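Undergrad: Please read through the structure below; I'll follow up with questions.
The values are calculated or read from the model by the stated rules, or taken from the named source; none is laboratory data. It should be emphasised that the depicted structure is a prediction, and the values quoted were computed from it without experimental measurement. Methodologically, a virtual Cβ is constructed for each residue, glycine included, from the backbone with ideal geometry; neighbour enumeration extends over all protein chains shown. For accessibility, only protein heavy atoms count, side chains too; no ligands or nucleic acids. Shrake-Rupley method; radii C 1.70, N 1.55, O 1.52, S 1.80 Å.
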Amino acid sequence: MEKWRATTNLRRSLKSILNRQLSSVSEFRYLNEKRSCQSSFNLIRDCKSLGQVNAIQHRCFSSASTLVQRNPSFSTLNSDDISYFKGLLGEKSVIQDEDRLETVNTDWMHKYKGSSKLLLLPRSTEEVAQILRYCNSRCLAVVPQGGNTGLVGGSVPVFDEVIVNVSSMNNIISFDKVSGILVCEAGCILENLISFLDNQGFIMPLDLGAKGSCQIGGNVSTNAGGLRLVRYGSLHGNVLGLEAVLANGDVLDMLGTLRKDNTGYDLKHLFIGSEGSLGIVTKVSILTPPKLSSVNIAFLACNDYSSCQKLLMEAKRKLGEILSAFEFLDTEAMNLVLHQLDGVRNPLPASMHNFYILIETTGSDESYNREKLEAFLLSSMEGGLISDGVLAQDINQASSFWRIREGVPEALMKAGAVYKYDLSLPVEKMYDLVDDMRIRLGDLATVVGYGHLGDGNLHLNVSAPEYDDKILEQIEPYVYEWTSKHRGSISAEHGLGLMKANKIYYSKSTETVQTMASIKKLLDPNGILNPYKVLPHSLNS
């Protein structure tokens, strides 16, 4: 009877699907949870205090109590520096207020915390260039910052680095309706760009749960992936050009708007995903696809992970060009969302299932797309791949489906301590790691698996009431070793930041890392840009 009910729901609800409402998507937010100072996974801890914040020379982090030493070649701020920046930017753009500094010194998970005494808010590329030119001459370390929604400590200071936040650089420079090419400044909030393009009849090729806070410069600098990668690809393919300021203040104008440009080295790719360690991205040119009129969203249940894999293969074959998202979450993730987030309801309330799949299709022909999706869902149900399912019948139901998937990170934060791992793995192996971790941790913690199944990206999360070194010792380095053994990546879309800088060898060869270090040395010889991040600390000193 359950299959017949689901089949009826699928057929009936195909009649009126609309675009999901962007403004209802949950935003990442700060949660003021206190963390135990005894846990080494907790907030970065002072390992040596010399009486003043600026005098901190070492910090510890990670399960192995890795010692990060402040680079002795970096200068410390003085009154002359403050006077210079006030003369350049004006009083209001030179922030020394302790409350505001507390916010920008801390990541949104309250896991990493720096001790910067200065926040600068440039309004133009020229101001960024003058800031870096001065900091380089003084050997003042700098942390580029956007919306500060990162998960690996890449956008906050480790010690007393000067924070250069580009949020005031938030202008849309141009948009070409013929080509769909958008040119904008780095501080534009992603959701604002999505809204702008929606009014123009286009969409951003990038969609993230943190869209309400994250900025396009940070998205590009971390090569953010998100929910639409299965359809539109990564930012390496969608970013046509960018402008970046090097450590010495030189401005690299690579802000092309051409689909084809085969003149020499395509240097923009060095800055996409470099996490601000090679230069500060100040402007971006990005190719945006037209908004299509027919959008359908299905929320489905599967009995096992094997069925999820087969459903993905069938979706690629039978939905083809209209498939725009294929997301999955397990029963533990679903349970957390239902219990931790207000107003969230189970679309399939009859019972809890082992796995849930969210499929989105986007096309231009409502009738054709409806028939194509209906045929796929019915054949999948008859083949036993789907145990239950429903299609969104209106804009509100579509938003509620996405709220479940995008609400998992928020639910995990509300549940207590969370250890987060963002991994790329062969699709057939992805959930094996989740099963292995459950066996390894037993009753110590809850292991949650969800992510972008369509592009092989697992978000492995371990949830516990509080941070505990015993739990972390069971996770690391096992997770990294397991991923490396299966030729995966230890960072699919979150970057390396501070958290994984020393773990890069699990995914990259020694020769490759040495080449990266050579590029860093060439573009930033004094190492002032986002120090202690991306590359192993032994190469950053």
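Undergrad: What is the sum of charges around VAL448, taking Lys and Arg as +1, Asp and Glu as -1, for the other residues whose C-beta is under 12 Å from the C-beta of VAL448?
TA: On the way: positive: LYS420, ARG438; negative: ASP330, GLU332.
Every neighbour counted, the sum reads 0.
Undergrad: Dipole magnitude of the stretch 172-320 about its Cα centre, charges +1 at Lys/Arg Cβ and -1 at Asp/Glu Cβ only, in debye to the nearest 20? Could you put the intermediate results ahead of the total?
TA: On the way: 13 positive and 13 negative charges, 143 e Å.
Approximately 680 debye in magnitude.
Undergrad: Determine the shape class of the stretch 388-470: with a ≥ b ≥ c the square roots of the Cα gyration tensor eigenvalues, call it rounded for a/c under 1.5, and otherwise prolate if a/b is greater than b/c, oblate otherwise. Could the numbers behind the result be given before it?
TA: Numbers: a/c = 2.49, a/b = 1.48, b/c = 1.69.
It is oblate, given that a/c is not under 1.5 and a/b is not larger than b/c.
Undergrad: So which trypsin sites (Lys or Arg not before Pro) in the stretch 258-328 pass both tests, a DSSP loop state and at most 10 other Cβ atoms within 10 Å of the Cβ?
TA: Values: sites: ARG259, LYS260, LYS268, LYS283, LYS291, LYS310, LYS316, ARG317, LYS318; in loops: ARG259, LYS260, LYS291.
Counting only loop positions with at most 10 other Cβ atoms within 10 Å, the trypsin sites (Lys or Arg not before Pro) in the stretch 258-328 are ARG259, LYS260.
Undergrad: Then there is this: At 222 nm, what value in deg cm²/dmol follows for the chain if DSSP H runs of at least 4 each add -39500 (n - 2.57) and the sum is divided by all its residues, to the nearest 500? Spell out each step's value before the answer.
TA: Working: 19 runs with 180 residues, N = 541.
So the helix-based figure for the chain works out to -9500 deg cm²/dmol.
Undergrad: Give a residue-ordered list of calculated ³J(HN,Hα) values for the stretch 409-415 (Karplus: 6.51 cos²θ - 1.76 cosθ + 1.60, θ = phi - 60°; whole Hz; x for Gly, Pro).
TA: x, 5, 4, 5, 5, 5, 6
Undergrad: A further question on this structure: Under 16 Å from the Cα of LYS316, which lysines turn up, not counting those fewer than eight places away in the same chain?
TA: Qualifying lysines at Cα under 16 Å: LYS372.
Undergrad: Among the trypsin sites (Lys or Arg not before Pro) in the stretch 146-230, which ones are in a DSSP loop with at most 14 other Cβ atoms within 10 Å of the Cβ? Mind listing them? Present the calculation step by step, with values, prior to reporting the outcome.
TA: Values: sites: LYS177, LYS211, ARG228; in loops: LYS177, LYS211, ARG228.
For trypsin sites (Lys or Arg not before Pro) across the stretch 146-230 that sit outside H, G, I, E and B with at most 14 neighbouring Cβ atoms in 10 Å, the list reads LYS177.
Undergrad: List the residues whose amide H sits under 5 Å from the amide H of LYS113, counting only those 5 or more places along or on another chain, with H placed 1.01 Å from N in the peptide plane.
TA: ILE44
Undergrad: Moving to a separate point now. Pull up all non-local amide H partners of ALA325: gap of 5 or more, or a different chain, and H-to-H distance under 5 Å with H placed in the peptide plane.
TA: Sorted by chain and number, the residues that satisfy this are GLU360.
Undergrad: Below 8 Å between Cα atoms, with a sequence gap of 6+, how large is the relative contact order for the chain in percent? Mind showing how you got there, number by number?
TA: Values: 1142 pairs, mean separation 97.2, N = 541.
18 percent.
Undergrad: Averaged per residue, what accessible area in Å² does the stretch 76-172 show with a 1.4 Å probe, protein chains only?
TA: Values: 3420 Å² over 97 residues.
With all protein chains present, the stretch 76-172 gives 35 Å² per residue.
Undergrad: Counting only protein heavy atoms, what percent of the accessible surface of the stretch 445-494 is carbon or sulfur at a 1.4 Å probe?
TA: On the way: 720 of 1780 Å².
On the stretch 445-494, the fraction of accessible area on carbon and sulfur atoms equals 40 percent.
Undergrad: Which of these values of semi-axes √(5λ) of the Cα gyration tensor in Å was calculated from the structure shown: (1) 40, 28, 20; (2) 46, 28, 24; (3) 42, 30, 23?
TA: Looking at semi-axes √(5λ) of the Cα gyration tensor in Å for this model, the match is (1).
Undergrad: I'd like the Karplus ³J(HN,Hα) series for the stretch 171-188: coefficients 6.51, -1.76, 1.60, θ = phi - 60°, whole numbers in Hz, and an x wherever there's a Gly or Pro.
TA: 8, 8, 7, 7, 8, 9, 5, 6, 8, x, 9, 9, 10, 8, 7, 5, x, 5
Undergrad: May I pose another question? Quick one: which residues, 5 or more positions from THR282 or on another chain, have an amide H under 5 Å from its amide H? H modelled 1.01 Å from N in the peptide plane, none for Pro or chain starts.
TA: Here the answer is GLU243, ALA244, VAL245, since their amide H atoms fall under 5 Å of that of THR282.
Undergrad: Would you work out which of SER484, PHE196, THR446 lies farthest towards the positive end of the dipole of the chain? Charges go on Cβ: Lys and Arg +1, Asp and Glu -1.
TA: Projecting each Cα onto the dipole axis, the largest value belongs to SER484.
Undergrad: Separate question: By a straight-distance test (C-alpha under 12 Å), which aspartates and glutamates pair with LYS291 as possible cross-link partners, with residues fewer than eight away in the same chain excluded?
TA: Here the aspartates and glutamates satisfying the reach criterion relative to LYS291 are ASP198.
Undergrad: Apply the Karplus curve 6.51 cos²θ - 1.76 cosθ + 1.60, θ = phi - 60°, to the phi angles in the stretch 311-320 and return the couplings in whole Hz, x for Gly and Pro.
TA: Along the stretch 311-320, the couplings run 5, 5, 4, 5, 4, 5, 6, 9, 9, x Hz.
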